[in-house]
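The values are calculated or read from the model by the stated rules, or taken from the named source; none is laboratory data. Note that this is a predicted model, so its numbers are computed, not measured. Cβ sites come from the backbone with ideal geometry, for glycine too, and all protein chains shown count toward neighbours.
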Amino acid sequence: MRLTCPLCGPRDRREFYYYGAAVYLDRPAADAPPEAWDEYLHLRDNPAGVTQDLWYHEQGCGSWLKVTRNTVTHEILAVDAVSAADAAEEAR
Amino acid sequence: MRYSGWKVLAQGLRGNTGWAPAWRDPAPKAAYDAVIIGGGGHGLATAYYLAKNHGLTNIAVLEKGYLGSGNIGRNTTIVRANYFLPGNSEFYSHSLKLWEGLEAELNYNVMHSQRGLINLFHSDGQRDAFARRGNAMINQGDDAVLLDREGVRELLPYLDYDNTRFPIYGGLLHPRGGTARHDAVAWGYARAADRRGVDLIQNCEVTGIDVVDGRVTGVQTTRGAIRARKVGMVVAGRSSQVAAMAGLRLPIESHVLQAFVTEGLKPVIDHVISFGMGHFYISQSDKGGLVFGGDLDFYASYAARGNLPMVEHVMEAGMTLMPMIGRARVLRSWGGIMDMTPDGSPIIDRTPVAGLFVDAGWNYGGFKAVPASGWCMAHLMATGESHPVAARFRLDRFATGHLLDEEGTGSQHNLH
């Protein structure tokens, strides 16, 4: 499996650290109820198919990446830097 | 038909022409008292104990493929009770006791072999931790022997004792640990459940769970609707998808775990050996293949295969520990889909939907748990109350903070 880092190009999976589902980007407010934190930290859609998750280019440029990929086929559909992906989201 | 040595002999003389199928192939009825989704080890064990311990025989197991087609046939067959935390310790202890009587109970040879399991340690600190774990196992009523380096060398003379990165300081021997024939466990429970009148329905995929006013009323399947007041989801590997049919989200992320087997060799490894620092463990099957594996690939996955970096890592760890296996040829590798929970412990509990129960989140430790998981899930479905040895496997423990973090690494999906 290879990820194409937007800064470094195609790199081996070993350079990356997997963090978890991209819902980690939607951090609840500090005063959110405990249920919101449970949702955020523990509960997952866990799809068999296309998902989005966060990877860290640990042995490369150090970017946090939002990866769109298929959990059944291991196909990588898109790799975006988290900051850029967020900016695009806000623009929409 | 009851199996026995005499039957084998008699059938041998008659050219093995008199064996009957081990279970029926019934069509689904329109309604059952209880339905279990998932015909793997845990589901079949649940059905068996529902019938045996609780007298519930108007029940069905619904399996989307064939019986035992999931993780019961994809694991590395290890059976042990070497847990530390209250909540885990008594559960796995109960499971091991059930294993020890399983063949007589089921009238089926599951080839349970208590060959002893050795967890290696490589530092003074790790020795202390293992001594403490061994004491917890003994306090639970199970067995543990702390071996020093020479004690390990006596049992496992072929390890590399000159490794400088992870020098072998000793090992924790769990004499009652061992292996069993994985498929036979599913077949044995299936046959025993069928003999008690349980309908085992194969090629019957559940496509919907009917919920009316917060209560389960039945399931929709590829072979028609089936009404039931009690439904158990026992589908580790696909738990999130099945739970989603009832509108539930589970604290589970699915990961792939790889395993490997070599060509058959003469007996060379007599125990189960676990090399935790290298993420490597190994045993030899009765057929002669070296069965070994390592850690998760560490990304969410539903592919029943992994990637090469973990293959390489496992092979390196094996060569580091026991260079003698270097010439053995690997025959096959495969992957199993693990229900990973944030704290690495399983779930056997009610759900917010009345009458709907969940047995899930077995991480990479489901095989040894099969008997006790079935026992406790059956108790829960029959009585509505958690069995005492599984009382801490709660679905809501992440929200309430009552975690069961055996590894002590934290409660987050990428930590176990």
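Brief remarks follow.
- Qualifying residue in the stretch B:105-124 (condition: under 29 Å from residue B:317 (Cβ atoms), in contact (Cβ under 8 Å) with a residue 40 or more places away in the chain and part of a helix (DSSP H, G or I)): yes
- Number of positions in the stretch B:399-416 that are on the phi > 0 side of the Ramachandran plot and either outside any loop (DSSP other than H, G, I, E, B) or modelled with pLDDT under 85 (or both): 0
- Within the stretch B:1-60, being acidic (Asp, Glu) and in a loop (DSSP other than H, G, I, E, B) holds for one residue alone: B:25.
- Selection from the stretch B:79-108 of residues that are among the aliphatic types (A, V, I, L, M) and closer than 14 Å to residue B:371 by Cβ: B:79, B:81, B:96, B:98, B:102, B:104, B:106
Residue-wise test of (1) out of contact with any helix residue (DSSP H, G or I) (no Cβ under 8 Å at 6 or more places or on another chain); (2) among the β-branched types (Val, Ile, Thr); (3) modelled with pLDDT of 95 or more.
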position: B:95; (1), (2), (3): no, no, yes
position: B:100; (1), (2), (3): yes, no, yes
position: B:115; (1), (2), (3): yes, no, yes
position: B:135; (1), (2), (3): yes, no, yes
position: B:138; (1), (2), (3): yes, yes, yes
position: B:160; (1), (2), (3): no, no, yes
position: B:183; (1), (2), (3): no, no, yes
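- Close Cβ contacts (under 9 Å, 6 or more residues apart or on different chains) running from residues in the stretch B:24-35 that are in the same structural domain as residue B:226 (by TED's automatic domain parsing) to residues that are polar (S, T, N, Q) comprise B:25/B:202; B:28/B:221; B:29/B:58; B:31/B:58; B:32/B:58; B:33/B:57; B:33/B:58; B:34/B:58.
- Test: residue B:99 is touching a strand residue (DSSP E or B) at 6+ places or on another chain (Cβ under 7 Å), within 28 Å of residue B:261 (Cβ to Cβ) and not assigned by TED's automatic domain parsing to the domain that holds residue B:196: yes
- Hits in the stretch B:267-283 - residues which are over 18 Å from residue B:365 (Cα atoms) and buried (at least 24 other Cβ atoms within 10 Å of the Cβ): none
- Looking across the stretch B:244-253, the residues that are crowded, with 23+ Cβ neighbours inside 10 Å and not in a loop (DSSP other than H, G, I, E, B) come down to B:250, B:253.
- Flag if residue B:324 is outside any loop (DSSP other than H, G, I, E, B), more than 21 Å from residue A:12 (Cα to Cα) and modelled with pLDDT under 95: no
- Residue in the stretch B:179-188 that is under 23 Å from the mean Cα position of the chain (by Cα), surrounded by 15 or more Cβ atoms within 10 Å (Cβ to Cβ) and in a strand (DSSP E or B) present: yes
- Filtering the stretch B:354-384 to residues that are over 21 Å from residue B:97 (Cβ atoms) and more than 19 Å from the chain's Cα centre (by Cα) leaves B:354, B:355, B:356, B:381, B:384.
- Wholly within chain A, strands (runs of 3 or more DSSP E) carrying at least 2 residues that are away from chain B (no Cβ under 14 Å) and either in contact with a strand residue (DSSP E or B) (Cβ under 8 Å, 6 or more places away or on another chain) or modelled with pLDDT under 95 (or both): A:2-5, A:76-81
- Only listed residue being over 19 Å from the mean Cα position of the chain (by Cα) and aliphatic (A, V, I, L, M), chosen from B:106, B:155, B:102, B:98: B:155
- Residue in the stretch B:241-264 that is nearest to the other protein chains (Cβ to nearest Cβ), counting only those that are among the polar types (S, T, N, Q) and touching a residue at least 40 places away in the same chain (Cβ under 8 Å): B:254
- Scan of the stretch B:1-26 for residues that are within 30 Å of residue B:228 (Cβ to Cβ), surrounded by 10 or more Cβ atoms within 10 Å (Cβ to Cβ) and out of contact with any Phe, Trp or Tyr (no Cβ under 8 Å at 6 or more places or on another chain), ordered by number: B:23, B:24, B:25, B:26
- The set of residues from the stretch B:284-314 being in contact with a His (Cβ under 8 Å, 6 or more places away or on another chain) and in a helix (DSSP H, G or I) comprises B:313, B:314.
- Any chance residue B:93 is within 17 Å of the chain's Cα centre (by Cα) and part of a helix (DSSP H, G or I): yes
- Set side by side, the residues B:268, B:211 differ, and just one is in a loop (DSSP other than H, G, I, E, B) and more than 24 Å from the chain's Cα centre (by Cα), which is B:268.
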